[in-house]
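This report concerns only the one structure given below.
The numbers here are math on the coordinates, done by the rules we state, and not lab data. Small disclaimer: the values here were computed from a predicted structure and weren't measured. Neighbour counts run over all protein chains shown; Cβ positions are idealised from the backbone, glycine included.
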């Protein structure tokens, strides 16, 4: 029986959470399907792709500063090119990721009578749309075959505009390449780790202040990532007199070094879509403390079972939980083992692939 043809449609294949998920899925689907990835803009894939995957793009360059007329022409171009590629590759089913790609994929798939799965990758209460795009999203999302979201929280949001029977919750898969780099034999250091953009929403200042308020003399606080708040946070460590115990590592490629060698992971976001860094830390058996922000952490962590959940912006509770974990190696080990077990079972690529494939097989019947 010949393989079916599937297309993944996304804005680009640069570094990012949705881009990684598309790459992981494409590399897995290639075993059972002919796979095409269509990007709105031309770019070199950041994540390694199987050489059998076909790549196409709609236009050369991205520009946010264009006139209304040019924007209209660009929208027409995206629809035209996606239609062309879906037809040329004889695609049987398409899956698009993120708002823009979801909108541009709708008409071509309808004209070609191809089932379309659309996937939202962010928290809609945080990344809001203007009035026009909200109307457009409502009109299109309710008419597509399946909407895939990552958490129960986001499912509840979209169930107001999409029939709940047409919404599927599928979390992100673990990175295959990163998973291979887990080394349990690595010696642990007294390091508290945070991974993510340095910005107001990630709220790393909460962690810096909490760390400054507890006995940190034998510990290091490491931030992996970069962002608009880096200089402010560096200054804050100086103001609090803890600059010698805090490391800003920036964006690095060997993040597994810190996942393998750290003792505690702390996640302080005010809101999330789905927290990939928390997922990765749990896989590396790090005991995790996370804010119980909307969408994500509570679906990975069961409080006081495989990690700790604290209220958003609660510095005092963070200090209390940090001191407890820092002083109890046995508790670190217990939380880390249970965290690893949960995400290894629920978020491995085979489990996530199976959920996506079940949807696809139903739509292809």
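Could you put 75, 340 in order, starting from the residue whose Cβ has the fewest other Cβ atoms within 10 Å?
Details: 75 13, 340 19.
In increasing order of surrounding Cβ atoms, one gets 75, 340.
Three principal axis extents of the chain based on alpha-carbon atoms, in descending order, are 64, 48, 38 Å. The alpha carbon gyration tensor of the range 68-118 gives principal lengths a ≥ b ≥ c with a/c of 1.5 or higher and a/b no greater than b/c, which makes the shape oblate.
Using 0.36 nm per residue of separation minus the Cα-Cα distance, give me the extension gain between residue 60 and residue 126 in nm, one decimal. Don't skip to the answer; put the middle values down first.
Details: separation 66, 0.36 × 66 = 23.76 nm, distance 2.96 nm.
Between residue 60 and residue 126, full extension yields an extra 20.8 nm.
Values of log10 I(q)/I(0) for the range 317-356 across q = 0.21 Å⁻¹ run -0.68, by the Debye formula with one identical scatterer at each alpha carbon and no solvent. Which angle between 0 and 90 degrees, to the nearest 10, do you get for helix 315-327 versus the longest principal axis of the chain when only C-alpha atoms count? Here the helix axis deviates by roughly 70 degrees. Each residue, residue 199 and residue 156, gets one label point 7 Å from its Cα in the Cβ direction; the gap between the two is 2.4 nm.
Assign one of three labels to the range 283-365, namely rounded, prolate or oblate, based on the Cα gyration tensor with a ≥ b ≥ c the square roots of its eigenvalues; rounded applies when a/c is under 1.5, prolate when it is not and a/b is larger than b/c, and oblate otherwise. In terms of gyration-tensor shape, oblate.
Taking a point 7 Å from the Cα of residue 4 along the Cα-to-Cβ direction, the residues of the range 336-365 with backbone N closer than 20 Å to it are 350-365.
Give the calculated FRET efficiency between residue 139 and residue 324 to the nearest 0.05, with a Förster radius of 56 Å applied to their Cβ-Cβ distance. All intermediate terms of the calculation are to be shown ahead of the outcome.
Working: r = 50 Å, r/R0 = 0.90.
In this case the efficiency is close to 0.65.
Where the alpha-carbon atoms of the range 202-247 are placed on the principal axes, they occupy 28, 19, 17 Å, in descending order. Rounded to the nearest 10 degrees, the angle from helix 99-111 to the longest Cα principal axis of the chain is 20 degrees. The sum of -39500 (n - 2.57) across all DSSP H runs of n ≥ 4, divided by the residue count of the chain, sets its helix-only mean residue ellipticity at 222 nm to -12500 deg cm²/dmol. To the nearest ten degrees, helix 68-88 and the longest principal axis of the Cα atoms of the chain are 70 degrees apart. Every pair of different Cα atoms in the range 13-143 enters the Kirkwood calculation, which places the hydrodynamic radius at 15.7 Å. Multiplying the residue separation of residue 14 and residue 90 by 0.36 nm and removing their Cα-Cα distance gives an extension gain of 24.8 nm. Note on the range 177-346: Rg/Rh from C-alpha atoms, Kirkwood Rh, equals 0.92. For the range 216-314, the gyration tensor built on C-alpha atoms gives a prolate shape. Its axis ratio a/c (a ≥ b ≥ c) is at least 1.5, and a/b is the larger of a/b and b/c. Taking the chain as a Gaussian network of alpha-carbon nodes connected by springs under 10 Å, the highest mean-square fluctuation of the residues 253, 80, 320 belongs to 253. Within the listed set 144, 59, 291, the residue fluctuating most in the Gaussian network model of the chain (springs between alpha-carbon atoms under 10 angstrom) is 59.
If you rank 127, 259 by fewest surrounding Cβ atoms within 10 Å, what's the result? Don't skip to the answer; put the middle values down first.
On the way: 127 13, 259 24.
Arranged by neighbour count, lowest to highest, 127, 259 become 127, 259.
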